[in-house]
Every structure is written in C-alpha cells, then in structure tokens.
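For reference, the structure I am asking about is given below.
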Amino acid sequence: MRAWTVASPDDDLRLRDVPEPVLRGGGVLVEVLAAHVPAYTGKVVTGHRGGLPVPLTLGPSCVGRVIEVAPDVFHVAPGDIVVDTALLDAGGGDEILVGWVGLGGSGAGGERTDRMRAQWRDGVFAERALCAKETVVELPGADAYPDPARLAFLPWLCIAASGLHAAGPLAGRDVAVIGATGQLGGAAVLVALAEGAATVTAVGRGQAALDRLAALGPRVRTHRLTGDRATDAAGIGPVDVALDALGATPTPDPTLAAYDSLRGRGTLVLVGGVRQDLAIPYGDLMHRRLTVRGSWMSDNATVSTVWRLVRSGLLDLSAVELLTVGLDRPAAALDLAERTTGLGFVALVP
Ligand SMILES: NC(=O)c1ccc[n+]([C@@H]2O[C@H](COP(=O)([O-])OP(=O)(O)OC[C@H]3O[C@@H](n4cnc5c(N)ncnc54)[C@H](OP(=O)(O)O)[C@@H]3O)[C@@H](O)[C@H]2O)c1
C-alpha cells in the first residue's frame, strides 16, 4: 500500500510503497478515511519537535473504518467508523503518540516507552493502518455523517476540549483562547461556544483569522495581541478560564498576559507548544486562588463527548474550512498545512 514515511532522522517525508499492515494481538486494522495534517508537521519531520522513532509511517490521528480486529478486541467491530487518537498509555507516566513525536510524563521517555514505540510505531498517513486498540474510539452513527473528511478535525477538537474541561464546566463562564488563530485554538473556540461559554475571547495576531472567529456569533470577542503584557491582559480579561494554545513563541509574555487576565478563582490551562518558563507570582496565585493546569492530548471519554456535540449539531463543523490532499505530493501537502491556520485545516484523504 502507499504511505507517507520517514526513513531516517535526516530524511524528508516521502511517499513510498510499504507492506500491508498485518493484524496482531491488541490491534485494529482500519481503512484511513481522512487524517488531519497538523500545521507544524514539517517541523516534526525535520526534528524540531523531538525525535521520531524512524523509520516509520508518519501520522498521529485519523478517522477510519474498521476492516478487521484482533480476537482480543471487543469495543469496536468491522464496519465501525472510529477515531484513532494515537495516545497509548502504559500507566505511570509512560505514554507515547503512535506515529508521531511527543512522550508523556517528563517527556524524556525511557526503556518502557522505547519498547512501546518498537511495538506500535507506524502512524496513519497511509491507505490502511494497524492501530493499538487503546487508541481507537467508536463514533456511533458516523457512517451517516455527510462529510467524513471533516471528521478528521475531531482529534484537535478533543485535545482542545480536554484542556477546557480541565478548568471545569464552561457554561455561563467567560473563556479566553490565546492562539485562537491557530488550529488548536480555533478548535477550542468552537468547543467553548458549543459548551455554553458566556463569552469566548479569541486572542491572536492575524486580523483575518480573528475576523473569521468573530463571525461565529455574538458571544465571540477578539483581542489582537500587541506583545505588551499589560495591554494584552487588559484586552483579554477579565475571564474565568484562559486556554493557552500558542505555538512556539519567543517570549512568555502572551501566556503571562492570559494569566494576568484571570478573575479570582480563575484557571489558566496550558495546551500549546510554548517552550518558555513562566514566572508565576506566588502571592498573587495564592491570594486570588488561581489555578494553572496542564493538559496533554485527550482521553477517550472526551472523544465520545465531542462526537456527540458534533452529531447533535451543537458543534457545527461547517464553520471549519476543509482542504483535502491526496498521498501523491507530501511536500506540497506539508506546505499547504503550514499555511493553513485559523478555522482551516488540511486533511489527507488517501
Ligand atoms: N497539549 C497537547 O496535547 C497538544 C496537542 C497538539 C498540539 N499541541 C501544541 O499546540 C500548538 C498549537 O498547535 P496548532 O495546531 O494550533 O498550530 P498552529 O495552527 O500552527 O497555531 C499556532 C498558534 O500560535 C500562534 N503563534 C505562533 N508563533 C507566535 C508568536 N511568535 N507570537 C504569537 N503567537 C504565535 C499562531 O498565531 P498566528 O496565527 O498569528 O501565526 C497560532 O495562533 C503546537 O505548537 C503544538 O505543539 C499540543
């Protein structure tokens, strides 16, 4: 079959013919219907986001149709439409993302995560994929969904939702999303609106993307980042919940502006790719009873919740611009993905 693979640390992402995946214990064989190509996939391939277990077929998550399951798999069956979340958790902080970079716990990995990555290495940028059963969640009724490729955005919605849920229920609360102009941030805006936030302040740099978010409805406010912490804090808040979904920024200031924008008892959740240390004022956090949380990927229960929001129409995916690519030109696809942010995303339809 055809797949996007990386052969060695200095290799590019290439289309290659690879052997068909062979079903084995704990495995779910899926036909890949569509897979989100994250905006920063090019940086993952060039090693700027940590080491890939090469050689591998790349790709962290997809929506697929189950072809066959191993005899010890009971929660999904052939014909089911499923999401593959990539997250394989052995407990005790040993977690891997199959087909991608990123390790749970301290992020350093160890002997056990090495063994996990040896067993479950290949991702989903391919015609078919063998997924670990723990990474596969059924989407009941999804065979009737009119545009399955759009469902490739579900994993990003679920990551955003897990982050927002770390701050508690959203209904009637004021929420800010920092980096709302990115794909994870845009997903967070959609989830917060669907879950009844009173207002959602979309924060980012790009005016066109902010305008598009504002058009989602009257509960959306926008703030264009100025780079000045005090000005940004005043423009963002006051809010009960701030979710930071920024990519790598040169300073911690936008994240700290989000912290400053919190009301008393508010929560800042970190889900982005910021590689900065945060100087949190001890007395302020204590006296204002603030919470700072981290959130990584999503649990399977959140996948089911988000799917029900989509299936019921509470979360309308028609607001998201879907750009589809095939397997033929991986470099062009990565280019397109990098240029596609805001409420747009690239899905590989193999
Ligand atoms: N916690 C998790 O489980 C999890 C899962 C997936 C991804 N992530 C992380 O989330 C991050 C965002 O992912 P994504 O898919 O949303 O990527 P993306 O679409 O590329 O979005 C990046 C966001 O960061 C902003 N940004 C980048 N550089 C900036 C700068 N110098 N100053 C201010 N804003 C800046 C962008 O603003 P503009 O639109 O103005 O460029 C955009 O809003 C990634 O870095 C990834 O590592 C975390």
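The values are calculated or read from the model by the stated rules, or taken from the named source; none is laboratory data. The structure presented is a predicted model; accordingly, all values stated were derived computationally and were not measured. In this analysis, Cβ positions are derived from the backbone assuming ideal geometry, glycine residues included, and neighbour counts consider all displayed protein chains.
Answer with yes or no whether VAL177 is hydrophobic (A, V, I, L, M, F, W, C), at pLDDT 95 or above, within 16 Å of the ligand (Cβ to nearest atom) and within 14 Å of THR341 (Cα to Cα).
no
Evaluate segment 297-316: report whether one residue or more is surrounded by 15 or more Cβ atoms within 10 Å (Cβ to Cβ), under 20 Å from ILE178 (Cβ atoms), out of contact with any Phe, Trp or Tyr (no Cβ under 7 Å at 6 or more places or on another chain) and modelled with pLDDT of 95 or more.
Yes.
Residue by residue, here is whether (1) surrounded by 22 or more Cβ atoms within 10 Å (Cβ to Cβ); (2) outside any loop (DSSP other than H, G, I, E, B); (3) at pLDDT below 95 holds:
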{"site": "PRO53", "(1), (2), (3)": "no, no, yes"}
{"site": "ILE67", "(1), (2), (3)": "no, yes, no"}
{"site": "GLY92", "(1), (2), (3)": "no, no, yes"}
{"site": "VAL101", "(1), (2), (3)": "no, no, yes"}
{"site": "ALA108", "(1), (2), (3)": "no, no, yes"}
{"site": "VAL124", "(1), (2), (3)": "yes, no, no"}
{"site": "PRO140", "(1), (2), (3)": "no, no, no"}
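Report, by residue number, each residue of segment 320-350 that is in a helix (DSSP H, G or I) and within 16 Å of the ligand (Cβ to nearest atom).
Those that are in a helix (DSSP H, G or I) and within 16 Å of the ligand (Cβ to nearest atom): ALA333, LEU334, ASP335, LEU336, ALA337, GLU338, ARG339.
Now, a different point. Residue by residue through segment 279-295, note down the ones that are under 15 Å from the mean Cα position of the chain (by Cα) and crowded, with 17+ Cβ neighbours inside 10 Å.
If the condition is that a residue be under 15 Å from the mean Cα position of the chain (by Cα) and crowded, with 17+ Cβ neighbours inside 10 Å, then SER295 is the only one that fits.
I've got another one for you. Enumerate the pairs (first residue in segment 272-289 and more than 27 Å from LEU184 (Cβ to Cβ); second residue anywhere and among the basic types (Lys, Arg)) with beta-carbon separation below 6 Å, excluding pairs fewer than 6 apart on the same chain, so at least 6 apart or on different chains.
ARG289/ARG265
Restricting to segment 229-272, name every residue that is near the ligand (Cβ under 10 Å from one of its atoms) and surrounded by fewer than 16 Cβ atoms within 10 Å (Cβ to Cβ).
ALA248, PRO250, THR251
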